[in-house]
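The values are calculated or read from the model by the stated rules, or taken from the named source; none is laboratory data. All values reported here derive from a predicted model rather than from experimental measurement. No Cβ is skipped: glycine too gets one built from the backbone with ideal geometry, and neighbour counts run over all protein chains shown. Remember, those area values only see protein heavy atoms, side chains included, never the ligands or the DNA or RNA. Shrake-Rupley method; radii C 1.70, N 1.55, O 1.52, S 1.80 Å.
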Amino acid sequence: MIIRQEESKDYESVYHLIQHAFQTAEHADGNEQDLVVNLRNSDSFIPELSLVAVKDDTIVGHILFTKAFVGDVEVLALAPLSVLPAYQGQGIGTLLMKEGHKIAKILGYTYSVVLGDPSYYERAGYTTASIYVIKPPFEIEDAYFMALCFSNEAKLIDGIMKYDDAFGLS
Ligand SMILES: CC(C)(COP(=O)(O)OP(=O)(O)OC[C@H]1O[C@@H](n2cnc3c(N)ncnc32)[C@H](O)[C@@H]1OP(=O)(O)O)[C@@H](O)C(=O)NCCC(=O)NCCS
């Protein structure tokens, strides 16, 4: 399996992959594929952090990290993460996260923030964002709003997470 940066020729496959993956997801709003289209066209898009997993000559997974802010600190928002149902449970989602984190670190980012199930994201190192005093811009149980810090020397960044407008949160 190969993990590589998404290219424009992949956009259509990625759109259908996200749609398919979220059809059976426990938490979905049904427009994750359109969110990705909008984020690609936004200032928050980081081409190096839109990754695809390719297996059997097919795109089977996708992950996107976009720019977000906590106060004046630029952080990453991980969303969405999608793996085709037939390929789930093989470690592809975890590999996409880990590869993304490696690139994020090289690009100089210190934090990645995700909203999701702690039992899943903990395996990639995420922990409750409240320990870094990163607060969600919506009401959510503490455990579901998580962050990963790539540096041992990062300072706490007390503030509310500001996502790209494409997320429709502000
Ligand atoms: C979540 C998702 C990306 C995981 O991808 P994956 O490639 O199957 O993940 P991995 O193989 O790395 O890990 C699989 C493990 O995670 C667990 N897992 C998967 N989704 C989970 C969830 N929502 N909550 C808790 N655990 C979950 C599986 O049960 C499996 O556990 P096991 O290793 O103990 O058997 C994939 O299931 C998916 O695309 N789901 C639909 C879209 C979605 O919900 N995305 C996340 C929100 S943005």
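Some observations on this one:
- Some residue of the range 116-125 being at pLDDT 95 or above, farther than 26 Å from GLY30 by Cα and within 16 Å of the chain's Cα centre (by Cα): yes
- Residues that are within 14 Å of the ligand (Cβ to nearest atom), within 17 Å of THR66 (Cβ to Cβ) and open to solvent by 40 Å² or more (accessible area, probe 1.4 Å) within the range 30-54 comprise just one, ASN31.
- Sole residue being open to solvent by less than 50 Å² (accessible area, probe 1.4 Å) and touching a helix residue (DSSP H, G or I) at 6+ places or on another chain (Cβ under 7 Å), chosen from VAL133, VAL83, VAL70: VAL83
- Leading residue by the ranking (most open to solvent (accessible area, probe 1.4 Å)) among those in the range 137-150 that are farther than 26 Å from GLU99 by Cβ and not hydrophobic (A, V, I, L, M, F, W, C): GLU139
- Positions within the range 95-118 being of a type in the set (A, V, I, L, M, F, W, C) and open to solvent by 60 Å² or more (accessible area, probe 1.4 Å), in sequence order: LEU95, ILE106, LEU107, LEU115
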